[in-house]
Amino acid sequence: MKRTLIFTFLVGILLEVRPVYAQEMKFGKYSPWEFELTDVPFEPGSDAVVLEEINTSFFSGVQLHSEIHRRIKVLKESGKSHGDVHLAYYDGKEGIETIQRLRAQIVNRENGIDKVTKLSKSDFFEVDAGNGHKEIRFTFPEVKEGSILEYAYTKLDKAILFVDGWVFQNNIPTIKSSYSLAVPEFLDYRMLGQGFKVVTAKYRIGSSGLYRWNLTDLRSVKAEPYMNHFSDYLEKVQFQLAGYKSQSTNILGQTESDYKNMFSNWQELADFFMERRAFASYTKPDKNVSKSFPVIDTTGKNKSEILQEYYSYVTQNFTYDGKGSIVPDQSLKDMLVNKKGNRAEINLSLMALLNASGIVAHPVMISSKGNGRSDLVAFPFADQFNHLMLVVNTEDKLHFVDACNPDRPLGYLPLDFHVNEGFLLMEKESGLMPVKIGHRSGINQFVEIKSTPNNGFISTVNLRLMDYDALVYGDITQKDALESFKNSILITPDVEVIKFEPSIKTISNRHVLETSIETREKYGEGENVFIKPFAISRWTENPFTADARTFPVDFNYTVNDRYSANIIVPEGYELDDYPENISLTIPDGTLSFSYQTVAMNNNVQVNALLSVKDNFVIAENYPNLKYFMEILTSKLQEPLILQKITINAVAEEVKP
């Protein structure tokens, strides 16, 4: 948010408010336990640990000062990489943030003697990270097992509408993390906390504007299977300005005070965005600009078909520049000329075209997965949004639309946009609304397996991938995408591929990838033949192997998979063994699985059904999920066993 909306308040009162307590950690002063520590009790085996970190923030006039001090210990050789430090800040065009008074040192204890090496100004390098962002980078020398790394600096911030606050967790365990914010009486902030420890801590100090957290024993943040966005669940705190006081002197020389509310309701927040000149050019286009709109023949088409026409026009003629802004930087007039812009500009352009054609469309702001917020807060906290899409009403249904990818059909969103709520912006009655993305994703597979004359089997597979399961493979008309799809499907070695014919179809407005596959495989001369009914499945092995889990599981979208196989037992063989029937559901009903085998004469029918009814599984249900997936993956890999029928070669003597 800070990179797009910089809002600096000049309230005319120059004063400084600092916390009244002293810091526990002093630069260059170490405790014996810090040198003696060789492992982290609450996260054994870690290669490094944050011993302590402190952020003390206060206002001096209308500028936020944050004094940051961090101390890290290297516990293993593999932890030496933590000696490379990057300090990021947003400079913008007006020096919004700056870093000052940076100091750093490393201490190594050798034979009971502390060897301290201090870094000098020449060791610090400023790097332009692009789009107004900069970094100060430095590397500690002589980092080894047992080294204690320490640095401290002051960050100054002119943009006080939003206070970034503090993230208490790191990619290594943290023994202690402290944050404080002292707010002057003329400023009023709303606090937004996330994480159990942050929310349950006693953080407000008395009735003053002082906030303070002291959190301990914080586990490291690491990626886990099916959880690409762990940043949405971090222990952290942010602030947004709720109001401020200003003073003025009237003609009689009397001092008068006035209090200004900031975003007291959702409509005020919507007006704040929509009243920006660039934004208003899309919601209320100038008549001269409207004359340059493309002419699209909509004769005889209903509103859903008209939406499709305009969606196709925008995705094919406008280029997304990769910037996921929630506000436009250029006007609609410039956008129609340049035909290249950020996500807000492209989607608002589509909105302007639809509204001009009589189809109602509104902008919707969301916090996508990975933006650092698992759920939207219920009050107008502007800094929680990072993308803008549209909601379009065609009378028969609501469509959530993002027109930034020409390869993505209408009705489908990026997986990171699969969130629960969005912020609907209208002239009146703006507010949060549920985001419901209709789809019926899944894998349908029908297999027929029959023998050949030369000790082999021919498998014929008709495979249908629907909705998001089809989209994940991209445009298979392109050679690279086709090859990737083929390699992911044909995973069985030593199999001769007779036929492989994929095609993309639209069936009842659903995106479908269909494939007809025929393979030949030898089964040898042995007594037993092992046949896997399903060579293709969503999971071939259990992705959940860890004993415990910190974050929820996110499957990205719900699915229904149907597997069916018909195996014809070859002459000279009989069915000896096959997987047992099973029906399994985890306690909260999120996932269910059934597997059934029916043998009749020389035919064996196998049917399996997998249903993922909710793409989120909370961490508390992880043990149940792990067990469920172990059974599921084992069952889908379990073979049928055919046994050769033996004929007694010794004939009984036939007596006359």
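Some observations on this one:
- Filter result (of a type in the set (A, V, I, L, M) and buried (at least 18 other Cβ atoms within 10 Å of the Cβ)) within the range 436-459: I443, V447, I449
- Residue within the range 175-188 that is surrounded by fewer than 19 Cβ atoms within 10 Å (Cβ to Cβ), assigned to a strand (DSSP E or B) and at pLDDT below 95 present: yes
A quick yes/no check of all residues on (1) at negative phi; (2) under 26 Å from the mean Cα position of the chain (by Cα):
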position	(1), (2)
N347	yes, yes
I359	yes, no
G370	no, yes
L376	yes, yes
L390	yes, yes
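- Positions within the range 635-654 being charged (D, E, K, R), over 25 Å from F593 (Cβ atoms) and at pLDDT 50 or above, in sequence order: K644
- Condition check for E448: in contact with a strand residue (DSSP E or B) (Cβ under 9 Å, 6 or more places away or on another chain), over 29 Å from F400 (Cβ atoms), outside any loop (DSSP other than H, G, I, E, B) and among the acidic types (D, E): yes
- Candidates are the residues of the range 396-413 that are under 28 Å from F379 (Cα atoms) and in contact with a strand residue (DSSP E or B) (Cβ under 9 Å, 6 or more places away or on another chain); the one that is surrounded by the fewest Cβ atoms within 10 Å (Cβ to Cβ) is L398.
- Put simply, of I68, I72, I13 the only residue that is surrounded by 15 or more Cβ atoms within 10 Å (Cβ to Cβ), over 14 Å from N171 (Cα atoms), modelled with pLDDT of 95 or more and β-branched (V, I, T) is I68.
- Which numbered condition N462 misses (of (1) crowded, with 16+ Cβ neighbours inside 10 Å; (2) in a strand (DSSP E or B)): (1)
- In the range 375-406, the residues that are assigned to a loop (DSSP other than H, G, I, E, B) and farther than 22 Å from I306 by Cβ: D375, L376, V377, A378, F379, P380, F381, F385, N386
- Some residue of the range 180-188 being without any contact (Cβ under 8 Å) to a residue 40 or more places away in the chain, out of contact with any Asp or Glu (no Cβ under 9 Å at 6 or more places or on another chain), closer than 25 Å to D91 by Cα and hydroxyl-bearing (S, T, Y): no
- Among the residues listed as R343, R373, the single one being in contact with a Phe, Trp or Tyr (Cβ under 7 Å, 6 or more places away or on another chain), crowded, with 19+ Cβ neighbours inside 10 Å and under 30 Å from M227 (Cβ atoms): R343
- Restricting the range 600-612 to residues that are surrounded by 15 or more Cβ atoms within 10 Å (Cβ to Cβ) and within 24 Å of L642 (Cβ to Cβ), the residue that is farthest from the chain's Cα centre (by Cα): V604
- Residue count for the range 24-65 under the criterion of being out of contact with any Asp or Glu (no Cβ under 6 Å at 6 or more places or on another chain), surrounded by 11 or more Cβ atoms within 10 Å (Cβ to Cβ) and hydrophobic (A, V, I, L, M, F, W, C): the result is 11.
- In the range 211-253, the residues that are assigned to a strand (DSSP E or B), farther than 25 Å from D383 by Cβ and at pLDDT 85 or above: T216, D217, E224
Each row is one residue, and each column tells you yes or no for (1) closer than 21 Å to V472 by Cβ; (2) in a strand (DSSP E or B); (3) over 34 Å from the mean Cα position of the chain (by Cα).
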{"position": "S537", "(1), (2), (3)": "yes, no, no"}
{"position": "D547", "(1), (2), (3)": "no, no, no"}
{"position": "E574", "(1), (2), (3)": "no, yes, yes"}
{"position": "G589", "(1), (2), (3)": "no, no, no"}
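- Residues of the range 549-572 classified as assigned to a loop (DSSP other than H, G, I, E, B) and within 13 Å of V604 (Cβ to Cβ), total: 2
- Within the set G132, G95, G193, G165, the sole residue that is in contact with a helix residue (DSSP H, G or I) (Cβ under 7 Å, 6 or more places away or on another chain) and over 30 Å from K76 (Cβ atoms) turns out to be G193.
- Selection over the range 324-360 of residues that are closer than 19 Å to N405 by Cβ and hydrophobic (A, V, I, L, M, F, W, C) gives a count of 9.
- Some residue of the range 425-435 being within 19 Å of the chain's Cα centre (by Cα) and buried (at least 16 other Cβ atoms within 10 Å of the Cβ): yes
The values are calculated or read from the model by the stated rules, or taken from the named source; none is laboratory data. Here the structure is a predicted model, which means the values were calculated and not measured. Heads up, the Cβs are rebuilt from the backbone with ideal geometry, glycines too, and the neighbour counts pull from every protein chain shown.
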